[in-house]
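Data first, discussion second: the structure below is written as structure tokens.
The values are calculated or read from the model by the stated rules, or taken from the named source; none is laboratory data. As the structure is a computational prediction, the values presented were derived from the model and not from experiment. Here the Cβ positions follow ideal geometry from the backbone for every residue, glycine too, while neighbour counts run over all protein chains shown.
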Amino acid sequence: MNSPFPVPTLSQGPAGLSLEDVPLAAIAQAHGTPTYVYSLAALSAAYNAYRDALAGRPALVCYAVKANSNLGVLSAFARLGAGFDIVSGGELARVLAAGGDAGKVVFSGVGKSVAEMRQALDAGIRCFNVESAAELERLAEVAGAMGKIAPIALRVNPDVDPKTHPYISTGLRSNKFGVAFDEALALYRRAAALPSLRVAGIGCHIGSQLLDGAPVVEAAEKVLDLVDRLAAEGIVLDHIDLGGGLGIRYRDETPPAVADYLAPLLALLAGRREELLLEPGRSLVGNAGVLLTRIEYLKPGVEKNFAVVDAAMNDLARPALYDAWHEVVAVAQRPAPARRYEIVGPICESGDFLAHDRELAVEPGDLLALLSAGAYGMAMSSNYNTRTRAAEVIVDGARSHLVRARENVEQLFAAERPLG
């Protein structure tokens, strides 16, 4: 597992880059490009790091499906015993199709529809993470009409700065997420009085790509104080959900190890009876995957040189959306002199770039791997410019499994009709 790459199961050998024991060139030959490739060993190791750190106390790791919702990935986590954090009815359907246990599903998100509430109640999910007073009233009405009792937790907003990118910060007073902290007690009292609801827990999530555990501890302290105030009023909770958000290494970040990240939280919870729920996403899948792409053209310029590849911003939106960094590595090493390139795609947008100013020794037709692409890559992809979405492959040792076939163009407009 020791590797100079952020993706721990990636290595350079005689056949070029391999993920586990499968050469990436062989995957490109079999499935074309662009293709997302994930390591089952890396997925499993990331999950087991949470499991091992939580050993000895009641806890459930609920994988945040939005990070990567491929059925192959979901089934891998289901087999490991994971729960799931979902934010839509579609994600619930994916979890169930992948063999996930509805009783280990928590449903987050600020805009749950009536249909989604009914779907989740019929499935028998573990808990709804309620994010507003209006949602609480709607859920009570829907559950009552169905003759069911909905288990709920309030997602409280602790107004803690997570020190991350503003687009992925979720725990500040200005964010759309959660119930304002100073309104939570009154809303819990209201929930406890509604016969079609069962108060089960409390939730909190302050953001993503967190590299410092101190804000999470600060938020947890506020949440635990509220838990004790609720208990004093006779509202006793079954679980405390402290969210996810642990960051990964993309370039030169130094995120804490899972055990170190969780240690101060577990110290706060020592001696408490409530089950701990966590909702990691990126830290379970981000460094398990790469995006494999092929160079179409090398285009020298006066100010910049461009490597035009067959992947684009529709395949990996993070660079264009967040100016995010992904390491770019040539699959086969060449002795030719390296040059600096802008890595760009064929989409008709100046914002269609995957990487800036990267030094590479490459020729047209060469394969590139964009690393740390397992989270928010395929899940955020689109069909902009009528481009088919990538294939997805999971490798397991020396074997590879196609877990999503590449789309074809006819599929993209199969539901459309020209004017008669």
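Annotations for the structure displayed:
- Any strands (runs of 3 or more DSSP E) falling wholly within the range 1-42 and containing at least 2 residues that are at negative phi and buried (at least 17 other Cβ atoms within 10 Å of the Cβ): 16-19, 35-39
- Those strands (runs of 3 or more DSSP E) lying entirely in the range 347-420 with at least 3 residues free of Cβ contacts under 8 Å to residues at least 40 places away in the same chain: 353-360
- Taking the numbered list (1) without any contact (Cβ under 8 Å) to a residue 12 or more places away in the chain; (2) touching a strand residue (DSSP E or B) at 6+ places or on another chain (Cβ under 8 Å); (3) not acidic (Asp, Glu) in turn, residue 301 passes all entries but (2).
- All conditions but one from (1) buried (at least 17 other Cβ atoms within 10 Å of the Cβ); (2) farther than 26 Å from residue 379 by Cα; (3) assigned by TED's automatic domain parsing to the domain that holds residue 330 apply to residue 299; the one that does not is (1).
- Taken together, the residues in the range 328-346 that are outside any strand (DSSP E or B) and either under 18 Å from residue 10 (Cβ atoms) or not small (Gly, Ala, Ser) (or both) amount to 7.
- Hits in the range 73-93 - residues which are surrounded by fewer than 20 Cβ atoms within 10 Å (Cβ to Cβ), part of a helix (DSSP H, G or I) and not polar (S, T, N, Q): 79, 80, 89, 90, 93
- Close pairs (9 angstrom Cβ cut-off, 6 or more residues apart or separate chains): over 21 Å from residue 85 (Cβ atoms) in the range 130-152, among the β-branched types (Val, Ile, Thr) and at pLDDT below 95 anywhere: 133/179
- Across the range 104-118, a minimum of one residue is classified as at pLDDT below 95, surrounded by fewer than 19 Cβ atoms within 10 Å (Cβ to Cβ) and not small (Gly, Ala, Ser).
- Looking only at the range 278-306, residues that are in contact with an Asp or Glu (Cβ under 8 Å, 6 or more places away or on another chain) and closer than 30 Å to residue 401 by Cβ come to 8 in all.
- Scan of the range 238-247 for residues that are out of contact with any Ser or Thr (no Cβ under 6 Å at 6 or more places or on another chain) and crowded, with 19+ Cβ neighbours inside 10 Å, ordered by number: 239, 240, 241, 242, 243, 244, 247
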